[in-house]
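What follows is calculated from the coordinates using simple rules that are stated; it is not laboratory data. Remember, predicted model here, so these are calculated numbers, not experimental data. Backbone-built Cβ (ideal geometry, glycine too); neighbour counts: all protein chains shown.
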Amino acid sequence: MKAARIIKPKEPLLIESVQTPKPKGSQVLIKVMSTGVCHSDLHLWEGGYTGPAGIIMKVEDRGVKFPLIPGHEVAGIVEGFGEDVEGFGTGERVLVYPWIGEGLCPACRVGEENLCDKPRSLGVYQDGGYAEYVLVPHYKYLVNIEEQSMDDVASLACSGLTSFSAIKNASVKPEEFLVIVGAGGLGLMGVQIAKALTNSTITVVDLDEKRLDHARKLGADYTVNSSSKDPVKEVNDLTDGLGADAVVDFVNASKTVGTDMNLLRKRGRLVLVGLFGGSVELNLALMPLRAFKIIGSYTGKYTDLVELVSLAKKGVIRSVVSRRFKLDEANDALTQLKEGKIIGRAVIAP
Ligand SMILES: [Zn+2]
Ligand SMILES: [Zn+2]
C-alpha cells in the first residue's frame, strides 16, 4: 500500500510503498477514505512540543518511534478483519477512535483510554491514516457512521472530540459567560458544541478577522480581535466587570494563558487544550482568593466520540473542511497548516 511516513523529524515525509497489514484476531483493516490533518501531526513532524523556557519536549522521549505513518483522524471502509471480530462486515463505513490504551491502567479501566499511562494511540505510537489502509487493533474502537460524509466525520475523532471534551470539562451552565480562545479547527468546533450543549453566552478571541467571522456564523455571540483590542477590557465590559465563568483556551501559549487568568471571575474555570506550549507565572495568592480551577484537557473518551457522531448526524455540529489533499501532497498539507493557511480542517484522501 502507499503511505506517507515520517522517517525523521523535520525531514519531508516519504511517500512510499509499504507492506499492507493483515488483520488477525480482533483486528480490523480499514480502507482509508479521509484522514484529518491535525496540529499534533505537525508536532510529530517537528519532533516535539515547546516546554518552559523554550525547551523542546521530544516526542521520542515520550515513546514515539520513527519511521511512523501519522494520521489519527481516520474515516473509511472495513476491508478485512480477524477471526474474532463480531458485529462488523466488509464495506461498512466507520470512524476510528484513535486514542487507544493498553487497557489495564486506572484510566483505561474507567473508559478513559485517551489518558492511558501507556498510550498506544493510532498515528502517534502506531501507524495511522496517512496511508491507503490502517490496521485498527480491536473492533471496539470503531464507530458506525452510516451515510455521514467521510471528510466531515474524520475530524470528529480528534479535533471534534477534543473540543467536545474540553467544553464538557468547563462545566458551563446556560446563564454563564464562556470565552473561547483561538478560532482554528478546534475553536470553531468548540463554538458549535458550546452552543449546542450549554447555550451559554459565547465570546471568541482570535487575532484573525476571517476566523472570527466564521466563529460568528457558527454561533459566537461576541468576538474580540486581540490584535487591536484588549480581551480583558472587552470581557469586563460585557460582564459588568465580573469576568468570564469559564475560559477554554485552544491555543494554550504563554501569551494567551497569561491573559486568560485575567479574564476569569471568582470560581472561574480555565481549561487548557491547545499544545502551543510555553509557561506562565501564576499569581499564587489569587488562586485561593478567587477560587480558580485550572484544568488540562486531552482528546476524549470513546463514549464521547459516539455521542459526538450522533450530534453531527443530527446536524447540530458541522466540521469545517476547507481543503482536500492527495496522499502525495502530505508535505504540502502539513506545510500549509504550519503556515496558518488552513481555515477549519484539511483532510488527506488517499
Ligand atoms: Zn491504560
Ligand atoms: Zn489531532
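Using per-residue counts of other Cβ atoms within 10 Å, averaged over each peptide, order 69-79, 309-319 from highest down.
Numbers: 69-79: 25.7, 309-319: 16.2.
Final packing ranking: 69-79, 309-319.
With just the Cα atoms defining each centre, how far is the stretch 62-116 from the stretch 130-189? Give it in Å.
15 Å
Rank-order 110-119, 159-168, 51-60, 299-308 by packing density, defined as the average count of other C-beta atoms within 10 Å over each peptide's residues, highest first.
159-168, 299-308, 110-119, 51-60
Using 26 Å as the Cα-Cα cut-off, could you pick out the over-long pairs in K65/K210; K140/K293; K173/K338; K24/K118; K65/K255? Each step should come with its number before you reach the end.
Working: K65/K210 38 Å; K140/K293 34 Å; K173/K338 35 Å; K24/K118 23 Å; K65/K255 32 Å.
The pairs that break the limit, which is 26 Å between Cα atoms, are K65/K210; K140/K293; K173/K338; K65/K255.
Provide the packing ranking of 204-213, 278-287, 127-136, i.e. peptides ordered by the mean count of other C-beta atoms within 10 Å per residue, highest first. Don't skip to the end; give the middle numbers.
Details: 204-213: 19.4, 278-287: 12.5, 127-136: 25.5.
My ranking of the peptides, most packed first, is 127-136, 204-213, 278-287.
Determine, at each q value in 0.15, 0.20, 0.25, 0.26 (inverse angstroms), the log₁₀ of I(q)/I(0) that the Debye formula gives when each Cα of the stretch 104-187 is one equal point scatterer.
Log-scaled intensity ratios, in q order: -0.79, -1.21, -1.39, -1.41.
List the DSSP H helices in the chain whose Cα atoms stretch 20 Å or more along the helix axis and whose mean Kyte-Doolittle hydropathy is at least -0.5.
Numbers: long enough: none.
Sorted by number, there is nothing, because no helix extends far enough and scores high enough.
Quick check: from the Cα gyration tensor, does the stretch 149-227 come out rounded (a/c under 1.5), prolate or oblate? Please report the intermediate quantities before stating the final value.
On the way: a/c = 1.87, a/b = 1.13, b/c = 1.66.
Judged from the Cα gyration tensor, the stretch 149-227 comes out oblate (a/c at least 1.5, b/c at or above a/b).
Which of the listed residues, I56, G111, Y302, is farthest toward the dipole's positive end in the chain, when Lys, Arg count +1 and Asp, Glu count -1 at the beta-carbon?
My answer, from the dipole projection, is I56.
Equivalent ellipsoid semi-axes for the stretch 65-105, as square roots of 5 times the alpha carbon gyration tensor eigenvalues: give them largest first, rounded to whole Å. Don't jump to the answer; show the numbers that get you there.
Numbers: eigenvalues 93, 51, 24 Å².
In descending order the semi-axes read 22, 16, 11 Å.
Direction-averaged shadow area of the convex hull around the Cα atoms of the stretch 279-325, nm²? If you can, show how the numbers build up before the last one.
On the way: hull surface 27.6 nm².
The number I arrive at for the stretch 279-325 is 6.9 nm².
In vacuo Debye scattering of the stretch 206-350, one point per C-alpha: log10 I(q)/I(0) at q = 0.11, 0.12, 0.13, 0.15 Å⁻¹?
Debye curve over Cα of the stretch 206-350, log10 I(q)/I(0) at q = 0.11, 0.12, 0.13, 0.15 Å⁻¹: -0.56, -0.66, -0.78, -1.00.
Please give the FRET efficiency for F66 paired with N283, using the beta carbon to beta carbon distance and R0 = 41 Å, rounded to the nearest 0.05. Let's see the in-between values first.
Values: r = 41 Å, r/R0 = 1.00.
The calculated FRET efficiency here is 0.50.
Restricting things to alpha carbons, tell me how big the stretch 1-127 is in terms of Rg and Dmax, in Å.
15.9, 51
Beyond 34 Å, what share of the Cα-Cα pairs of the chain remains, rounded to the nearest whole percent? Each step should come with its number before you reach the end.
Working: 14352 of 61075 pairs.
The calculated P(r) of the chain puts 23 percent of pairs beyond 34 Å.
Assuming R0 = 30 Å, can you tell me the calculated FRET efficiency for the pair K341 and K255, based on Cβ-Cβ distance, to the nearest 0.05?
On the way: r = 22 Å, r/R0 = 0.72.
Efficiency computed from Cβ-Cβ geometry: 0.90.
Pull out the extension gain between K2 and L104, defined as 0.36 nm times the separation in residues minus the alpha carbon to alpha carbon distance; nm, one decimal. List each step's numbers first, then the result.
Values: separation 102, 0.36 × 102 = 36.72 nm, distance 3.37 nm.
Computed gain between K2 and L104 is 33.3 nm.
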